[in-house]
Every structure is written in C-alpha cells, then in structure tokens.
Amino acid sequence: MAGADVAAASLFGADRRLCSADILPAAEVRARIEVAVLNFLAALASPSSPAISVLPLISRSSANCSLRSGLLSDVSSVYLSYAFCKRSLMRQNDAKAFVRVWKVMEMCYKILGEGKMVNQRELFYKLLSDSPKYFSCMRHVNRTIQDVVSLLRCTRQSLGVMASSRGALIGRLIVHEPKEEHIDCSILGPSGHAITGDLNLLSKLNLCSDARYIIVVEKDAIFQRLAEDRLYNQLPCILVTAKGYPDLATRFFLHRLSQTFPNMPIFALVDWNPAGLAILCTYKYGSISMGLESYRYACNVKWLGLRGDDLQLIAESALQELKPRDLQIAKSLLSSKFLQENHRAELTLMVERGKRAEIEALYCHGFDFLGKYIARKIVQGDYI
C-alpha cells in the first residue's frame, strides 16, 4: 500500500516511521473502539461504499517483517512495515474472522469499563459461552486479539488482557512489589518465584541485585536442577525460565531486568535443536505475530549452549534424530530475514547431521556437571 494511503487505511497511528502499538489508558482505548464502531456504521450508511466491512490490519506475515536495530543499544527487534491485509465480511473465508474482531472489541470495551483485567483463557471461555459459533479454540482468541491490537494500535495489556504466565525466577535478586513485602529470590525452593502475568505490576516492581549474569533456561527441569544446586551462590546470577516457548510476561520481565541492569549480560541455555534456537530468537528479537509490540520485549541474548562445539561432550548414543517438526521449524528459521550468520551456521549443522541434542545429555558426566559447564563457558567467553 502506498504511503499516501496509510492515513486513509489506518484508523490510528500517525508515526509512519514506526508501526507500533501504544500503551494507552483505558479511556483512550474505549474511545478508539467507539471510533471504529462509528466508522463501520458510516460505511454501512454510505451508498457509494460497496465494501461495508473492510477492516485494515497491519499484515503479520514474514513478507512484511524486518529487523530494526536500536540506535543507542545493541538490541535488535522484529518490526512490521505499513503493509495492510484486510478482514472482510464479504469474503467467505474472512467472515468469521471479521465478526470475531468486533466481538473481542466489545468484550474489551466492557472489561475496561469495569476496570478489570482478564487473561486470555478467561476471555476465551467467556467468548466460548457467548459466541460458540465463532470461538471454538484458543487459537481464534489469540489471533483475534492480535487483529484488535493491529486495528486499534494499542498493546494487549491496554485492552485489559493479561498475559498468561508460566515463568519463574530464582537467584540473586530482591523483588519488591508496591505495598508488599520484598522477596529474596536467593532463599527460595527450587521452583523459584512465579512471574505474574500482570504487565502493569511487573513494570512497577523495584528490583535490586548484586548478580553479574542473567541466565535464561529453556526447560523447567533444568531450571530446577540449577536452583537445587544453588548455582547462583557459585556464579552470581539470576535464573529465569518460561518452561518452554517464552510467554509474554516472562519476555517482559526479562526485558525489565535488561533495562534495570544494563551491564548484566543475558545468556540462553537451550536444547541443540531448531526449537531451542527458535526460543532463543523469540527472546532476542520478538515474534512476527506480535511485531507491533516486539521492540518492548526484545533483549540482547547470547547463545551459551548447547551448541555444535558441545557435541564432543555428549555420547553419540544420546543424540536423537531430527523430527519432521524440527525440519519444519528449521526451514522457517533459515528463510527468515533476521537470523544472524553464526546462528544460521549452527542450524545448518543440525540439518546436515540430522541430529538434535538435549541439555540433559550432559548428565552423562554427573548431575553436578551442568553448573560447571555453564561457569566454564561464561568465564571463557564461549558464547555467540
């Protein structure tokens, strides 16, 4: 779409240099929903407008995705350009998606009017009970929320929708919530401290630390192993996990840590497989589906391990064959615009060998080896 058409096609957002979603107060979000409704009604009443129902949404496709580097930092993030797709009531495949947008906006309007916050699962079950014809699975809600973010140009949190969080942290960090007692994360059990899904609360936390490193761990089992071993007492660090693919709240919290402690490097410990690299890239750059907000959560994450050079530490029998899903993820990553060359080389090696290795394979050297492995790699600067 030509630049001159941007203002006409977009309901909100004047800065053409950056396609982004803003953090807005509830009153302004409700006002934007009202404007969207009025524009729709005006289109319905216009005899010269055959398309009664076209919603212009920023395209969330890889073709509309680029990587933006920060001017004053070493953080890069995914962003979306001003290319539009449409939801139309007149196209058979789009009709339900079009209606879903209005139903989610209606629900958000009510939520904000009541001063409430809901998580996506709560929103899904409410929509499922009210409109089962349109919302039969969580995927419908997730995609529609992103459509609404794209239409209104405000963050998901601004819509009154909280992130569902699986994240946890432990280590040399004191967390002080407003009007609450402080939490010393170095004296907790191996499950650590749960990261709340309320981004507003996360943004207000007071954080104090004498750590030197932040280590993001892909798996909860590895996180608990390192917590059980009190790695942070031997290596002054903060351990964070999202227990798999990173949820928004964990990414937001990691970004907060990086902003609060800018001199503290962030290292990632993931499986040596395409999914592990995809997890690392999500922390590092953000995701295409959330391209309007990715810059708010991206961090400069270094790849500590596992990497190809570590395979010499692992028995050949512990390596596993790549699965079809692995190859699908690898293909997607290799075709992306933002994969840096040393990451691409690692991924190419995985595909050429047809193998994958999990972090647990290092236990062949004993259950206490993992902490030594991490400390050695950090001290030797063995990361990319």
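For this structure, a couple of remarks:
- Condition met for Lys204 (over 24 Å from Leu280 (Cβ atoms), in contact with an Asp or Glu (Cβ under 9 Å, 6 or more places away or on another chain) and surrounded by fewer than 16 Cβ atoms within 10 Å (Cβ to Cβ)): yes
Rundown of residues vs (1) more than 28 Å from Arg344 (Cβ to Cβ); (2) open to solvent by less than 10 Å² (accessible area, probe 1.4 Å); (3) without any contact (Cβ under 8 Å) to a residue 24 or more places away in the chain; (4) assigned to a helix (DSSP H, G or I), yes/no style:
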| position | (1), (2), (3), (4) |
| --- | --- |
| His255 | no, no, no, yes |
| Gln259 | yes, no, yes, yes |
| Asn263 | yes, no, yes, no |
| Cys281 | no, yes, no, yes |
| Lys284 | no, no, no, yes |
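- Asn64 passes every criterion in (1) at pLDDT below 70; (2) open to solvent by less than 20 Å² (accessible area, probe 1.4 Å); (3) in contact with a helix residue (DSSP H, G or I) (Cβ under 6 Å, 6 or more places away or on another chain) apart from (3).
- For the stretch 240-253, a tally of residues being of a type in the set (Ser, Thr, Tyr), within 19 Å of Val175 (Cβ to Cβ) and outside any strand (DSSP E or B) returns 1.
- Note on the stretch 116-138: among residues that are more than 19 Å from the chain's Cα centre (by Cα) and touching a residue at least 40 places away in the same chain (Cβ under 8 Å), the one that is surrounded by the fewest Cβ atoms within 10 Å (Cβ to Cβ) is Lys116.
- Residue match in the stretch 217-229 (condition: more than 23 Å from Glu360 (Cα to Cα), in contact with a Gly (Cβ under 9 Å, 6 or more places away or on another chain) and buried (at least 21 other Cβ atoms within 10 Å of the Cβ)): no
- With respect to (1) touching a residue at least 40 places away in the same chain (Cβ under 8 Å); (2) of a type in the set (Lys, Arg); (3) under 26 Å from Phe261 (Cα atoms), the lone exception for Lys337 is condition (3).
- Of all residues making up the stretch 139-157, the number that are within 21 Å of Arg251 (Cα to Cα), part of a helix (DSSP H, G or I) and open to solvent by 10 Å² or more (accessible area, probe 1.4 Å): 5
- Flag for Leu306 being closer than 16 Å to Tyr373 by Cα, touching a strand residue (DSSP E or B) at 6+ places or on another chain (Cβ under 8 Å) and open to solvent by less than 30 Å² (accessible area, probe 1.4 Å): yes
- The number of residues in the stretch 226-239 being within 25 Å of the chain's Cα centre (by Cα) and in a helix (DSSP H, G or I) comes to 2.
- Hey, Leu41 surrounded by fewer than 19 Cβ atoms within 10 Å (Cβ to Cβ) and either modelled with pLDDT of 75 or more or over 25 Å from Gly160 (Cβ atoms) (or both) or not: yes
- Condition check for Leu159 on (1) of a type in the set (A, V, I, L, M, F, W, C); (2) within 24 Å of the chain's Cα centre (by Cα); (3) closer than 21 Å to Ala242 by Cβ: one failure, at (3).
- All positions within the stretch 168-177 that are in a loop (DSSP other than H, G, I, E, B) and touching a Leu at 6+ places or on another chain (Cβ under 8 Å): Leu173, Glu177
- For the stretch 162-184, the candidate set comprises residues that are among the charged types (D, E, K, R) and more than 15 Å from Ala242 (Cβ to Cβ); within that set, the residue that is surrounded by the fewest Cβ atoms within 10 Å (Cβ to Cβ) is Lys179.
- From the list Ser129, Ser165, Ser136, the one residue that fits, being in a helix (DSSP H, G or I) and hydroxyl-bearing (Ser, Thr, Tyr), is Ser129.
The values are calculated or read from the model by the stated rules, or taken from the named source; none is laboratory data. Since the model is a prediction, treat every value here as computed from it, not as a measurement. With ideal geometry, Cβ positions are generated from the backbone for all residues, glycine too; neighbour counts draw on all protein chains shown. Only protein heavy atoms, including side chains, enter the accessible area calculation; ligands, DNA and RNA are left aside. Shrake-Rupley method; radii C 1.70, N 1.55, O 1.52, S 1.80 Å.
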